[in-house]
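In what follows, a single structure is set out as structure tokens and then discussed.
The values are calculated or read from the model by the stated rules, or taken from the named source; none is laboratory data. Note that this is a predicted model, so its numbers are computed, not measured. Every residue, glycine among them, receives a Cβ derived from its backbone with ideal geometry; neighbour counts consider all protein chains shown.
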């Protein structure tokens with residue numbers, strides 16, 4: 001169950017600087033790392049057509065056998081785009097690997113997050129967006145871990 005209360009945490013960059021992010025699932029996300037973010041920025045900048053990496057340390061509240069990742073960008077509060085596709089299997093990107101045990105800390109690392117903005121979407125709406133990344137059970141869709149951050153895409 002996702003709590004209505006969000007917890008302010010910090011995103012740790014490769015430069016060891018941080019910005020505020022929201023944990024959208026009861027505080028299980030301990031840290032998040034994102035490549036390509038500007039030093040000390042409160043908004044992560046992704047470059048269109050480039051590959052980025054994103055990582056998340058989290059502690060699941062239940063046991064999970066198989067998990068998938070979903071990422072989406074909310075633009076102007078009206079348009080939601082799934083990035084890059086839905087229900088991506090990620091057990092091989094989690095250390096230690098699946099199955100996950102409740103109360104144990106894990107690290108999800110996706111080194112191949114390709115940022116590709118569809119040609120039909122006006123670029124100006126990517127000036128500020130809310131990016132949400134969710135890990136969930138493959139079968140029940142129960143949330144394992146979830147985080148939100150502000151981002152922009154540079155063209």
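Tell me yes or no: at least one residue of segment 27-47 is modelled with pLDDT of 80 or more, under 16 Å from residue 115 (Cβ atoms) and exposed (fewer than 13 other Cβ atoms within 10 Å of the Cβ). Yes, segment 27-47 contains at least one residue that is modelled with pLDDT of 80 or more, under 16 Å from residue 115 (Cβ atoms) and exposed (fewer than 13 other Cβ atoms within 10 Å of the Cβ).
If you filter segment 50-78 down to residues that are under 15 Å from residue 150 (Cα atoms) and in contact with a helix residue (DSSP H, G or I) (Cβ under 7 Å, 6 or more places away or on another chain), you find that the one that is modelled with the highest pLDDT is 75. Tell me whether segment 10-21 contains one or more residues that are over 23 Å from residue 114 (Cα atoms), modelled with pLDDT of 70 or more and surrounded by 15 or more Cβ atoms within 10 Å (Cβ to Cβ). So far as segment 10-21 goes, no, none of its residues is over 23 Å from residue 114 (Cα atoms), modelled with pLDDT of 70 or more and surrounded by 15 or more Cβ atoms within 10 Å (Cβ to Cβ).
If you go through segment 79-109 and pick out every residue that is out of contact with any helix residue (DSSP H, G or I) (no Cβ under 7 Å at 6 or more places or on another chain) and not in a strand (DSSP E or B), you end up with 11. What pairs can you find where one residue is in segment 76-97 and at positive phi and in contact (Cβ under 8 Å) with a residue 24 or more places away in the chain, the other is assigned to a strand (DSSP E or B) and surrounded by 15 or more Cβ atoms within 10 Å (Cβ to Cβ), and their Cβ atoms are less than 7 Å apart, with a gap of 6+ or different chains? From residues that are at positive phi and in contact (Cβ under 8 Å) with a residue 24 or more places away in the chain, the pairs are 87/68; 87/70. Every condition in (1) free of Cβ contacts under 8 Å to residues at least 60 places away in the same chain; (2) touching a strand residue (DSSP E or B) at 6+ places or on another chain (Cβ under 6 Å) is met by residue 103 except one, and the failing one is (2). Listed by first and then second residue, the pairs with beta-carbon distance under 7 Å, at least 6 apart or on different chains, first residue in segment 108-119 and within 18 Å of residue 75 (Cβ to Cβ), second surrounded by 17 or more Cβ atoms within 10 Å (Cβ to Cβ) and modelled with pLDDT of 75 or more, are 113/52; 113/54; 115/46; 115/52; 115/153; 117/126; 117/153. Could you please give the count of residues in segment 118-141 that are at pLDDT 85 or above, touching a strand residue (DSSP E or B) at 6+ places or on another chain (Cβ under 6 Å) and not in a strand (DSSP E or B)? The qualifying residues number 1. Inspection of segment 82-92 identifies at least one residue that is closer than 18 Å to residue 21 by Cβ and within 16 Å of the chain's Cα centre (by Cα).
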